[in-house]
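Structure record follows, encoded as structure tokens.
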Amino acid sequence: MNERETLKQTVLAIAGANPRKCMKCGKCTGACPAFDEMEVPPHRFVSMVEEGRVEELLGTRSLWLCLTCFACVERCPRGVVPARFIEAVRLVQVRCQGQNHLKAEQIPDALDEELPQQAIVSAFRKYSK
Ligand code: SF4
Ligand code: SF4
């Protein structure tokens, strides 16, 4: 298995979902509150995983812009769970870095009083190995 295929299989194993079920309807992206900031919105993200283009996804800001809100999961008529692919690639990226994306000491600077607790917990999970 070449490196491209290995990366794809790693992401599929972490995600535990099947991108081949995607019918490219774009409803996930339509429901995503962060899509206009993402260079790779959820529907394209799923397609790129399926095409084995994981290496290109590793450097995208989409990984960090996803809010893990699961609106895309709710909206998908095919049960593709797009957020899981984003999460899986994010995890691969964090593991490649060999360290958490954000250290606990950096968190107080990133906080503001309006931030819901759920967002803090979600971010901590998202930025950790
Ligand atoms: S989980 Fe991420 S990709 Fe899915 S709708 Fe929310 S922000 Fe968008
Ligand atoms: S909503 Fe589901 S089927 Fe439609 S593009 Fe997104 S992942 Fe594919």
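Read-outs: derived from the displayed coordinates by stated rules, not from any lab. Here the structure is a predicted model, which means the values were calculated and not measured. Cβ atoms come from the backbone with ideal geometry, glycine included; neighbour counts cover every protein chain shown.
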Q | Size-normalised alpha-carbon gyration radius of the stretch 3-98, reference 2.2 N^0.38 Å | A | 0.96
Q. When only C-alpha pairs under 8 Å and at least 6 residues apart count, what is the relative contact order of the chain, in percent?
A. 27
(Q) Nothing charged except the Cβ atoms of Lys and Arg (+1) and of Asp and Glu (-1): what's the magnitude of the dipole of the chain about its Cα centre? Round to the nearest 20 debye. (A) 680
Q: Relative to the longest principal axis of the C-alpha atoms of the chain, give the angle of the C-alpha long axis of helix 82-97, reported between 0 and 90° and rounded to the nearest 10°.
A: 70
Q. Based solely on its DSSP helices, what 222 nm [θ] is calculated for the chain when runs of n ≥ 4 H residues each add -39,500 (n - 2.57) and the sum is averaged over all residues, nearest 500 deg cm²/dmol?
A. -14500 deg cm²/dmol
